[in-house]
1. Other chains' Cβ within 10 Å of B:187-196 residues: what's the mean?
2. Which value, in Å² and to the nearest 10, is the accessible area of residue D:112 when all protein chains are kept and the probe is 1.4 Å?
3. If you build a Gaussian network model of chain D, linking Cα atoms that sit under 10 Å apart, which residue out of D:48, D:86, D:61 swings the most?
4. Could you tell me what fraction of 2.2 N^0.38 Å the Cα radius of gyration of region C:1-48 comes to, as a two-decimal ratio?
5. Where does the protein assembly as shown land at 222 nm, in deg cm²/dmol rounded to the nearest 500, when only DSSP H runs of n ≥ 4 count, each adding -39500 (n - 2.57), divided by all residues?
6. Using DSSP to define loop residues, name the GluC sites (Glu not before Pro) in region D:17-94 whose beta-carbon has at most 14 other beta-carbon atoms within 10 Å.
7. Taking amide H positions as placed 1.01 Å from N in the peptide plane, with prolines and chain starts having none, which residues 5 or more places from residue D:80, or on another chain, fall under 5 Å of its amide H?
8. For region A:80-239, what proportion of DSSP beta bridges, expressed in % and rounded to the nearest 5, is antiparallel?
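The values are calculated or read from the model by the stated rules, or taken from the named source; none is laboratory data. Source: prediction; values computed, not measured. So basically every Cβ, Gly included, is an ideal-geometry build from the backbone, and we count neighbours across all protein chains shown. Just so you know, the surface numbers come from the protein's heavy atoms only, side chains and all, with ligands and any DNA or RNA stripped out. Shrake-Rupley method; radii C 1.70, N 1.55, O 1.52, S 1.80 Å.
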4 protein chains.
Amino acid sequence: MASSHRAGVPAFDAAELDELKHKLVTACHILDREGITDGYGHVAARVPGTNVFLTIANVSPGCATIERLIMQDFDGKYLGGAETPPNEWPIHACVFKARPDVMSVAHTHSVWSTLFSVLPIKLKPLHHYGKFLSADGPPVYQGVGLVRTVERGEDLARTLGKGPVVLMRSHGDTVVGDSIEQVVQRTVRLAKLGELAHLALLHGAPRYLSTEELETFSADERFPARGWEYYVSRLKNRD
Amino acid sequence: MASSHRAGVPAFDAAELDELKHKLVTACHILDREGITDGYGHVAARVPGTNVFLTIANVSPGCATIERLIMQDFDGKYLGGAETPPNEWPIHACVFKARPDVMSVAHTHSVWSTLFSVLPIKLKPLHHYGKFLSADGPPVYQGVGLVRTVERGEDLARTLGKGPVVLMRSHGDTVVGDSIEQVVQRTVRLAKLGELAHLALLHGAPRYLSTEELETFSADERFPARGWEYYVSRLKNRD
Amino acid sequence: MASSHRAGVPAFDAAELDELKHKLVTACHILDREGITDGYGHVAARVPGTNVFLTIANVSPGCATIERLIMQDFDGKYLGGAETPPNEWPIHACVFKARPDVMSVAHTHSVWSTLFSVLPIKLKPLHHYGKFLSADGPPVYQGVGLVRTVERGEDLARTLGKGPVVLMRSHGDTVVGDSIEQVVQRTVRLAKLGELAHLALLHGAPRYLSTEELETFSADERFPARGWEYYVSRLKNRD
Amino acid sequence: MASSHRAGVPAFDAAELDELKHKLVTACHILDREGITDGYGHVAARVPGTNVFLTIANVSPGCATIERLIMQDFDGKYLGGAETPPNEWPIHACVFKARPDVMSVAHTHSVWSTLFSVLPIKLKPLHHYGKFLSADGPPVYQGVGLVRTVERGEDLARTLGKGPVVLMRSHGDTVVGDSIEQVVQRTVRLAKLGELAHLALLHGAPRYLSTEELETFSADERFPARGWEYYVSRLKNRD
């Protein structure tokens, strides 16, 4: 497959994409290092100001490299990079299309998201790490089958709605945000929230955070630079 | 013990077995690295087109080397390599004999398989990773004692039947497949499925995947090359 | 911000603070290595004989360095070092002010403390590691929002009272002691106690330690030099 | 303290003790690496044919070295090596005295032993790893306080009786065997059995192994050389 160029979109090899590509690979390694991914899943980033995105090309997040990134548009058209689109590219394409505010998307098979996806109990925030969620927790996409079609991708995006997270039944989750850093932090924290909710629910009814309480904590939110620095520092142990 | 040669079977030291041997050792290391084995268990591979198999010779999977492999036929006759057959060689011999479709067998003391082997609850798939299982989950071999005799091995193979997995009461599991890679992926995923089912069952009745839903996911199945690449990449942390 | 000097207080760069600074950084690394902190939290140390303290300057405990320490007084006034006070400096300032006996304070988002902070069950000691606690376990600060104001800090200190620990609802804990070593040991042991209590409570009513029994164990207490040596030895695995 | 010599007992520095000393240090490192010890606990070995033993001198098992071993007799008299006896030397002295068949003793704060020590449920074997235990599981020493006196040590030895294991309420366990290797393997397996029993009990009544079934498995028991080799191989990750 030859790389094709599109007006108004940087070429896959353009130097202006270097930083975004490095950050995307780092994000994949972080989710692997933090035990969220297990050989499957992918992070994607919108090329700013365009209708195209970068993601990993059918490789495990833990094995991602710059050479194994791919650029596609929202119809899945190949625009450069490694030539094997990920099975579930419609997750990213359909979410980016439906949500112009979203700059990055992560899909993982997080154990904790999967757990709550098959329970009749919602994953509601018990720690202030959940301040990016609503008090009644994320919705669950009930679709069956990998999200390999645009139809399934659009269903998923509809269930996500305007929120930050959608759990996927018997599968995992999809998390969105306005930067790669935010999506990574949210994905890690969603897992921590899921584990905590699991532990607490074993002892009866825990005391959840109300909408008002979450707002009090949200007033303190900052750009997730500290978390990112920390996650990056832990990557040295991978080598 | 002298290595004995058999018509139609490559000698233990034949170069044509090199790749299979390396893959077998790697498979053992992967199951150790992924926390499935704990000093015990073994992976075996049929020598293609023959009635003989290779496995590890009474050594921990995590310590396996090419020099510690052994070749036996389905009656347990020694055909080459290290001279101490594993205690439970009849697991492999009897399963390979009963199942000509099977090219590789893994036996481990997986915590999650052992857990469901002693419960009155079946280990049924809650994640699409379970698409290689039937909706009602694997059978449990109720035999007591290590599988050191052909009689026990044949019992085990009977309980396995035509399926991919048999749990073993108070012991662990045996997993089969059409390649070493598939057996490793299935063994790892069986453990993940067991952990997830354990977690979910603590909260009441989870929503399992039906036969039809598993088939929808199965339509997407691929050769497990991506998982294998990932597991191999994680072996560097062992050294 | 220029470093300001105060009568009777060593300058931030004074050699006499070197040992304290190194110990503080080590304490942060230990809490990270032992899995208590997760990118957030901080340890602080009173400068002996003064009303000022050292802590980490808005950096993850796992990334702490000598260069990223800050010195503040109990009103939060900057006295030297890195120039970005941690969000929740009032935790340390208000506790040091209210408790002249306290030489060190640690605040973490420990999973186990957070768990008990949202349950209607108290975290009571089941292991002799809990001999620094009272038999009915630590109180829970119910305040909502990060402790970024003196008002919240004073509330927290009031809930702590004269005890060694206060859990913080949907947040974590604050632990105090008469040395950095003791605070680190208490924080690690509090997490172990929480995990053990969690496990035991799943099986019905465990047999707790009574006040008298805790006193019997306390009679054997020593300075935590052995624990500190051990934790330090485990830091080599971080590099 | 000067090392004192005793008739019929090799001097602490005698070359004939080198192998035993190295094995003892390795045993300590293994229990640390396997996550059983946490800075506390100790392994001891009887000097064959004598009434004296070697153990670690008030140091964490994970930090043990040849230089930090101590030799004592069964009354606690110092006979050589590092000069700070462990707090709980009477555990070893009293067990060795009461049990001439015992060549090695390990005391740890294993989470799983501590868990069952505070529950009204016995830790009974669910995996064939428990074949060294009786079907109704080990007794629990109910004594309070560290075992720093001969009186407490004798109580503990009485509760142990002729068995391989005694759990210690709110404290941990003591495990004995006819070699250092066996004690290490038993200690590790006891932890695995405890974890498995914990998991299974959460789902209702598991199917335990009967006395007869344990005997069937015991018939297959071997010297634990394979486990020891495996545990040693995992120590390289400590450095």
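1. On the way: counts 0, 2, 2, 0, 0, 4, 0, 1, 3, 6.
Neighbouring Cβ atoms belonging to other protein chains average 2 per residue here.
2. Around 50 Å² of this residue is reachable by solvent.
3. Most flexible of the set in this elastic network: D:48.
4. On the way: Rg = 13.4 Å, N = 48, 2.2 N^0.38 = 9.6 Å.
Against the compact-globule rule of thumb, the ratio is 1.40.
5. Numbers: 28 runs with 334 residues, N = 956.
About -11000 deg cm²/dmol.
6. Details: sites: D:19, D:34, D:67, D:83, D:88; in loops: D:34, D:83, D:88.
For GluC sites (Glu not before Pro) across region D:17-94 that sit outside H, G, I, E and B with at most 14 neighbouring Cβ atoms in 10 Å, the list reads D:83.
7. D:4, D:71
8. Values: 9 of 11 bridges.
Percentage antiparallel, nearest 5: 80.
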